[in-house]
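First the structure, in the form of structure tokens, and then the observations on it.
The values are calculated or read from the model by the stated rules, or taken from the named source; none is laboratory data. Note that the structure is a prediction, hence the values are computed from the model and not measured. Neighbour counts are summed over all protein chains in view; Cβ atoms, including those assigned to glycine, are modelled from backbone coordinates with ideal geometry. In case anyone asks, the SASA skips ligands and DNA or RNA and just uses the protein heavy atoms, side chains included. Shrake-Rupley method; radii C 1.70, N 1.55, O 1.52, S 1.80 Å.
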Amino acid sequence: MSLKLEKFKQKIKNKKITVLGIGVSNLPLIEFLAKNGAIVTACDKRKKDDLTNEIERLSPYNISYNLGDNYLDNIDADIIFKTPGMRFDIPELAEARKRGSVVTSEMEVFFEVCDAKKIAVTGSDGKTTTTTLIAKMLEKQGYTVWLGGNIGNPLIGELENIKENDFVVLELSSFQLHTMKQSPDIAVVTNLSPNHLDMHKDMDEYVDAKKNIFMHQKANDKLVLNFDNDITHSFENEAVSDVVFFSRKAEGENCVYLKDGVVYHGCDEIMRADEIKIPGVHNIENYMAAIAALTDIVSVDTIRHIARSFGGVEHRIELVRELDGVRYYNDSIASSPTRTTAGLRSFDKKVILIAGGYDKHIPFDDFGPVLEKHVKKLFLIGVTAPKIKKAANDAGLFDVVMCDSLEEAVKLSYKAATNGDIVLLSPACASFDMFKNFAVRGNLFKELVNNL
């Protein structure tokens with residue numbers, strides 16, 4: 001056991017610790033705290049009847065619960081772990097701080113305690129694929145890899161198994177980064193565009209949260225940035241670590257770039273872009289970001305093997321089936337206009353698109369011309385449907401159908417499609433108005449399509 005982990009265990013023993021949120025990511029945290037002698041209170045806005053499985057899993061431990069609408073009232077704790085989607089400055093947490101509570105998160109503690117080399121990826125789009133590519137390349141090269149953050153398993157319960165020579169590869173959201181005071185050894189920022197403006201005060205706060213992935217790095221760490229994105233490009237001016245760019249438009253010695261269909265690192269040829277199995281120029285960018293992160297760690301042979309064999313991550317332009325000459329793709333992960341734009345550009349013809357969902361207060365003005373150029377017929381669902389319809393109409397796309405449900409959208413798109421068409425679920429919005437998360441949305445789409 002590492003000295004850091006031993007010290008942390010001693011620190012939490014007999015301390016009153018409150019965990020806010022009893023979701024999947026916090027269950028291992030609650031178990032870890034209880035196993036190591038903390039006095040744990042688990043809080044959740046859901047009621048006991050909605051948490052049967054979670055409470056059953058935690059039954060071996062002596063845990064108190066504060067559930068229901070008033071779950072944040074009168075928090076009395078030495079340490080409070082907030083769930084990633086909760087703002088750090090809500091009144092209840094401000095009051096707790098005044099009473100002497102330390103407010104932290106599972107990811108902050110993981111960074112504090114874990115001795116392994118950490119690679120973390122953030123951005124508005126492409127995070128999951130880039131993170132997955134980095135992990136797969138490292139595994140192929142022979143390293144022991146732990147995948148976590150927004151994907152994989154919560155890692156705090158694995159701390160005793162993670163060795164110093166292992167790699168931890170993390171996908172980190174703006175919510176996880178917002179209060180971070182440590183940064184990874186290798187940080188990757190895929191791109192930045194307006195996102196999560198329902199949770200952040202404004203775009204500046206969103207960008208500042210993302211910056212924490214590199215703001216606490218040391219001089220010998222590495223920062224990988226998208227040269228072609230104005231916001232990420234500007235981060236070079238604030239970095240103290242070594243900066244490596246990736247780009248579709250520029251060349252350079254300290255850059256992974258695309259030229260004439262070939263990916264280069266400086267003067268060295270890495271692979272042809274057409275060796276990449278998953279479609280879309282955005283996936284070429286994801287590969288370039290991963291390559292930039294792993295220069296001098298994995299071989300060119302390893303990179304090319306993954307490119308030729310990796311079929312993509314579920315819910316990311318995932319081919320569901322072909323029926324009567326029509327191909328159905330699930331891109332439920334696309335929860336922003338820029339993400340859907342990248343998906344649409346993956347195809348060489350206009351598609352039948354199903355879009356719409358929860359309103360994150362992202363403007364759709366620039367999305368309208370993209371729809372007009374890449375979409376032949378548009379089926380809309382969810383709260384944002386009227387906003388997207390207006391943007392599409394303003395750009396000249398009028399073949400738009402408003403639907404009450406995903407079931408109706410799939411049924412009508414099936415009737416509208418003919419041999420050679422592509423039907424794409426790529427919502428450009430989050431799922432929370434109708435679904436628990438993007439995976440539930442994508443799985444329902446696949447079920448509906450497979451039942452056609």
Under 7 Å by Cβ, and 6 or more places apart or on different chains, what pairs join a residue from the range 398-421 that is assigned to a loop (DSSP other than H, G, I, E, B) with one that is modelled with pLDDT of 95 or more and surrounded by fewer than 13 Cβ atoms within 10 Å (Cβ to Cβ)?
N419/D324; N419/G325; G420/G325
Considering only residues of the range 155-188 that are open to solvent by 30 Å² or more (accessible area, probe 1.4 Å) and of a type outside the set (D, E), which is farthest from S105 (Cα to Cα)?
N165
Give, as residue ranges, the strands (runs of 3 or more DSSP E) completely inside the range 213-288 that count at least 1 residues that are buried (at least 18 other Cβ atoms within 10 Å of the Cβ) and touching a His at 6+ places or on another chain (Cβ under 7 Å).
222-226, 255-259
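Confirm whether V113 is modelled with pLDDT of 90 or more, more than 18 Å from the chain's Cα centre (by Cα), open to solvent by less than 10 Å² (accessible area, probe 1.4 Å) and of a type in the set (A, V, I, L, M). Break it down stepwise before answering.
Working: modelled with pLDDT of 90 or more: yes; more than 18 Å from the chain's Cα centre (by Cα): yes; open to solvent by less than 10 Å² (accessible area, probe 1.4 Å): yes; of a type in the set (A, V, I, L, M): yes.
For V113, the condition - modelled with pLDDT of 90 or more, more than 18 Å from the chain's Cα centre (by Cα), open to solvent by less than 10 Å² (accessible area, probe 1.4 Å) and of a type in the set (A, V, I, L, M) - is met.
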From the list S309, S336, which residue is within 21 Å of the chain's Cα centre (by Cα) and touching a residue at least 12 places away in the same chain (Cβ under 8 Å)?
S336
Leading residue by the ranking (most open to solvent (accessible area, probe 1.4 Å)) among those in the range 65-76 that are part of a loop (DSSP other than H, G, I, E, B) and within 25 Å of T52 (Cβ to Cβ)
D69
Please work out if V121 is under 28 Å from R339 (Cα atoms) and open to solvent by 10 Å² or more (accessible area, probe 1.4 Å).
no
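Among the residues of the range 90-102, is any touching a Ser or Thr at 6+ places or on another chain (Cβ under 7 Å) and buried (at least 17 other Cβ atoms within 10 Å of the Cβ)?
no
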Within the range 212-251, the residues that are within 22 Å of the chain's Cα centre (by Cα) and within 16 Å of Y287 (Cβ to Cβ) are V224, L225, N226, F227, D228, V244, F245, F246, S247
Taking the conditions exactly as written (within 16 Å of D359 (Cα to Cα), touching a residue at least 40 places away in the same chain (Cβ under 8 Å), under 23 Å from the mean Cα position of the chain (by Cα) and open to solvent by less than 40 Å² (accessible area, probe 1.4 Å)), does G382 satisfy them or not?
yes
List, please: which pairs have Cβ atoms under 6 Å, are six or more places apart or on different chains, and start with a residue in the range 29-55 that is closer than 24 Å to K13 by Cβ and end with one that is surrounded by 15 or more Cβ atoms within 10 Å (Cβ to Cβ) and of a type in the set (G, A, S)?
I30/A42; F32/G157; V40/A34
So which residues in the range 42-56 are in a helix (DSSP H, G or I) and closer than 21 Å to S105 by Cβ?
L51, E54
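Conditions (1) touching a strand residue (DSSP E or B) at 6+ places or on another chain (Cβ under 6 Å); (2) closer than 29 Å to G85 by Cβ, marked per residue:
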| residue | (1), (2) |
| --- | --- |
| E285 | no, yes |
| A290 | no, yes |
| D296 | no, no |
| H305 | no, no |
| V313 | no, yes |
| I333 | no, yes |
| G356 | yes, yes |
| P369 | no, no |
| V375 | yes, no |
